[in-house]
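Worksheet for the structure shown next.
Just so it is clear, none of the values below were taken in a lab; they were calculated from the coordinates. Here the structure is a predicted model, which means the values were calculated and not measured. Reconstructed Cβ throughout: ideal geometry from the backbone, glycine too, with neighbour counts over all protein chains shown.
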Amino acid sequence: MKLAEAEAKATEMIGKSYTQNAEFVKFKLAELQKDVAITRAQCLAKAMDSNKGAMIPADLQRELAALESAGMGGGKNF
């Protein structure tokens, strides 16, 4: 949701600014893309904190679970 709001805000600002100064638009677009990238990274980090295994493919999750149950500690490194 935050990402969509940031992109909507960026589009609105670009439309208003373009009629005034094309170079300013390029600058603001780069600035807003940076903000969107930061927000995306923060959301990914939050998702990883709450469920580290969610980003790991299912076959690798099974392999790590097998190592963990065998006492080899495969899943403790995440």
Label-point separation, Ala30 to Gln61 (7 Å along Cα→Cβ), nm: 4.1
Net lengthening on full extension, Ala41/Ala8 (0.36 nm per residue, minus Cα-Cα): 10.0 nm
Candidate aspartates and glutamates - alpha carbon under 15 Å from Lys2, same-chain residues fewer than 8 apart omitted: Asp35
